[in-house]
Amino acid sequence: MIYINPVKFNCINKINSSPTSFCSRKKIEFDTFKKEPVYKTFEMNVYNPYTNSNFSNIVSLNFQKPQTIILDKTTKKSAAGKFLVLNYDPERIDYLWDKKNNKPLQVNILTSENKDSVAYHFMSKNLKKEFGYVQLTDLFDKIDSRLRLIPDLLFRDHKDIGIVGPRVIVDYLQNWDDEAVGGVGFLADKLAVKHCLDNNIEPNIVSEADWGSHVAHYLRGKRFFPLERWSPEYEFFMSKYNTSDVNNLLQDLINEAKISGENVDLKDWGLLPMYMPKKLAAQIAKTLLSKC
């Protein structure tokens with residue numbers, strides 16, 4: 001079952017301090033007795049997508065106020081001397097899905113940045129556990145020399161499907177516990193669209209389907225770019241399936257799997273470039289803007 005998040009998502013605010021802030025549903029204030037803020041001390045452990053390693057630290061946090069959190073302890077030698085800076089906002093929340101208890105799972109969304117990349121970390125309410133994250137890279141120029149290693153299809157203009165000009169690349173999407181937690185992909189798609197709107201660009205969102213993730217991305221509405229005749233991918237699909245239309249092929253395989261009750265066999269499928277169709281991006285944007 002795929003859970004589509006029904007929760008009201010706070011509307012979008014363009015501010016300089018954080019590209020991911022949401023409109024407040026209510027102002028957080030102390031009570032009339034003006035109590036001193038309560039700080040909780042605990043250990044945080046969060047994955048740093050910029051160094052591919054976990055970072056941790058003992059932090060003291062007032063959960064009622066936006067704060068900057070710095071994690072600087074890691075066991076990875078190549079990341080020694082580096083650190084992860086996280087932005088916490090008590091109003092930046094949304095929901096994943098608790099598969100074991102079959103109910104919504106509230107998460108705090110912390111952000112981190114590195115050059116042209118931003119990561120959204122999906123954390124438990126007490127910030128002691130990370131459920132997953134999505135890392136985005138801004139490609140606001142048509143061709144960026146720093147992104148030469150990315151396949152051409154991701155930063156080439158595709159007028160026929162409306163992917164033209166500035167765009168956002170989904171570098172990586174991670175769910176740390178697929179069996180227990182769902183909705184990471186849906187929340188990541190929502191944040192990618194919001195990130196485009198925050199930066200005043202049309203939601204052009206491209207990505208790559210990693211090994212074994214093709215079905216999940218397709219069922220959320222993502223679609224594969226047409227394969228180019230000279231590519232190894234084109235030769236593979238023509239040789240094995242006698243078609244280069246990955247979208248129609250995958251739909252057929254999904255339909256067959258529903259009948260047989262078996263999983264879709266994608267063991268030979270490699271990385272494939274994808275995009276978010278304009279219709280889907282518009283639907284997500286409409287949902288976000290309607291909450292303002």
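The values are calculated or read from the model by the stated rules, or taken from the named source; none is laboratory data. All of these numbers come straight from a predicted model, not from anything done at the bench. Heads up, the Cβs are rebuilt from the backbone with ideal geometry, glycines too, and the neighbour counts pull from every protein chain shown. When the accessible area is computed, the model is the full protein with side chains, heavy atoms only, and any ligands, DNA or RNA have been set aside. Shrake-Rupley method; radii C 1.70, N 1.55, O 1.52, S 1.80 Å.
Annotations for the structure displayed:
- Greater than 30 Å apart at Cα, pairs in Lys77/Lys100; Lys77/Lys103; Lys129/Lys194: Lys77/Lys100; Lys77/Lys103
- Using the Cβ-Cβ distance between Ala80 and Lys40 with R0 set to 25 Å, the FRET efficiency works out to roughly 0.30.
- Counting only protein chain heavy atoms and rolling a 1.4 Å probe, the accessible areas of Trp269, Trp97, Trp211 rank, largest first, as Trp211, Trp97, Trp269.
- Average Cα contact separation per residue, the stretch 183-292, under 8 Å, 6 or more apart, as relative contact order %: 41
- Residues Glu235 and Leu266, FRET efficiency given R0 of 25 Å [Cβ-Cβ distance, rounded to 0.05]: 0.90
- Note that the stretch 120-126 has calculated 3J(HN,Hα) couplings of 10, 9, 8, 10, 5, 4, 8 Hz, one per residue in order, obtained from phi through the Karplus relation 6.51 cos²θ - 1.76 cosθ + 1.60 (θ = phi - 60°); glycine and proline are x.
- Relative contact order, percent, the stretch 210-257 [alpha-carbon distance under 8 Å, six or more residues apart]: 31
- Dipole magnitude of the stretch 95-236 about its Cα centre (Cβ charges: Lys, Arg +1; Asp, Glu -1), debye to nearest 20: 500
- The order of the peptides 70-82, 100-112 by mean Cβ neighbours within 10 Å, most packed first, is 100-112, 70-82.
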